[in-house]
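Note sheet for the following structure.
The values are calculated or read from the model by the stated rules, or taken from the named source; none is laboratory data. Everything numeric here is computed off the predicted structure, so don't read it as measured data. So basically every Cβ, Gly included, is an ideal-geometry build from the backbone, and we count neighbours across all protein chains shown. The accessibility values were calculated without ligands, DNA or RNA, using every heavy atom of the protein model including side chains. Shrake-Rupley method; radii C 1.70, N 1.55, O 1.52, S 1.80 Å.
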Amino acid sequence: KTLNPSMRQIHNYGEKCFLDFAGHTIPINNSKTGEVKNAQIFVACLGASNYTFAFAVESQSLENWIYCNKKALDFFGGVPEVLVPDNLKSAVNKACRYEPSVNKSYLDFAKHYDVAIMPARARKPQDKAKVEVAVQIVERWILAALRKETFFSIHELNQKIAKLLEQLNSKEFKKLDGNRKYIFEKFEKDKLKPLPEDSFELQLWKKAKVAPDYHVEVNKHFYSVPYKYIAKKVDIAFSIHTVNIFYENQLIAKHLRSCDRHKYSTVDEHMPKGHQEQSSWNPQRIRDWALKIGENTAELIEKILKKGKYPAINYRPCIGIIRLEKQYGRERVDKAAQRLLKYGFRYSGYQSMKSILARGLENEPLEDFSEEKVKLEFHENIRGAEYYQEKKEKFSAN
């Protein structure tokens, strides 16, 4: 009267694979630093044959979880209909009895391998009794056998696990005929679906809000999206090679992954028209446009570009001079440049050019203001150098 009845589960060949991490770990010693880290032991078990796989990884992270799933399917040589994981955070975002939320990266993995994911109910170990038993057997027959050994790398540990795993799967059943390997190869192996030809590329997901400069950040690198999505929340899927950005499940931008921190990957088409024009200007393009207007304009632009220590500061006045062509025409702009070159300019060449063209001074005759031809008319308001010399002598005497 005090015991709940248990339901006998019948597993069909090739239907389910149960997955979990063992509770016990194995220490890995760093020979250089002396640091000790505990390796996590992943266990997978097919439902019908009980064929078991075990593999050691550094942590239970999402990347390691999916890598272990891939190694398990490679070990089995095929894909079952359903994967039944525990409710660890690497696989399930939010546990639910009826509709658990599975991690997007794990769903990508399932889609690539054409397999369904059916997480076990939270705090219901009977849903994954097969792997619970498999974990116990791995702990008794593999981990216990290695408890007195010292390992200096995960690779070394996995080599030992593989040898003991072969013995475990070949060990005869006590109450059934044959062993795990025999049942698997005779009945279950052919029921598994074939592995996909292409290798799976892990994609991690994150959410982000598009910044006012129409970029989003992935691992300290910034990627552009079309500027109309500024302030929108987007989903980002990034792998080793690519970065894909989605808005409401629609792909809006795609970039090659970059490892350069604090740098920008910007597509010209993502920029507003004004930004595109501004970013497309460079010294050579400015020189080419100036030469199309005329030789005087080209000479003036060259002088402006060489002003100061930072050339980019001079781009704007140069662009301003070039754009005066739309309002005044090439001939007038080039004549104005000739006049400006003749008399020189101290600060902004653009403002001087604009003033000349607005007042129509480009057609005025060019006068020669050399010292020989400059004659000053002296009058009572011009004191001359002698006046200041006398003042200086009187000040010195006092």
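Points worth noting:
- Our summary gives the chain a relative contact order of 11 percent, counting only alpha carbon pairs under 8 angstrom and 6 or more residues apart.
- Difference of contour (0.36 nm per residue) and Cα-Cα distance, GLN351 to HIS11: 113.9 nm
- Whole-angstrom Cα spans of the chain along principal axes, big to small: 129, 56, 42
- For the stretch 1-83, the tally of Lys pairs with Cα-Cα distances below 30 Å comes to 5, considering only residues 8 or more apart or on different chains.
- Placing R0 at 45 angstrom, the Cβ-Cβ distance between LYS193 and THR266 gives a FRET efficiency of 0.55 after rounding to 0.05.
- With the simple model of a label 7 Å out from the Cα in the direction of the Cβ, LYS160 to ASN363 spans 9.7 nm.
- Distance between the stretch 169-231 and the stretch 232-282 - C-alpha centres, whole angstrom: 25
- Counting only aspartates and glutamates at least 8 places from LYS394 when in the same chain, those with an alpha carbon closer than 16 Å to its own are GLU386.
- Computed E for LEU88/ARG316 - FRET, C-beta separation, R0 41 angstrom, nearest 0.05: 0.15
- Additional length obtainable on full extension of the chain from LYS32 to LEU107, 0.36 nm per residue less Cα span: 23.1 nm
- Computing FRET efficiency as 1/(1 + (r/R0)^6) for ALA116 and GLU331, where r is the C-beta to C-beta distance and R0 is 51 Å, gives about 0.10.
- Area of TYR387 that stays accessible when all protein chains are in place (1.4 Å probe, Å², to 10): 80
- Sequence-distant aspartates and glutamates (8 or more away, or on other chains) whose Cα lies within less than 20 Å of LYS186: GLU15, ASP74, GLU81, GLU166, GLU172, ASP177
- Bridgeable lysines around LYS335 (alpha carbons under 17 Å apart, same-chain partners fewer than 8 residues away excluded): LYS292, LYS303, LYS326, LYS354.
- Potential extension, ASP288-GLN136 segment - 0.36 nm per residue separation minus Cα distance: 47.1 nm
- Cα long-axis angle, helix 62-76 against the chain (0 to 90 degrees, to the nearest 10): 50
- Protein-only accessible surface order, largest first, of LYS326, LYS174 at 1.4 Å: LYS174, LYS326
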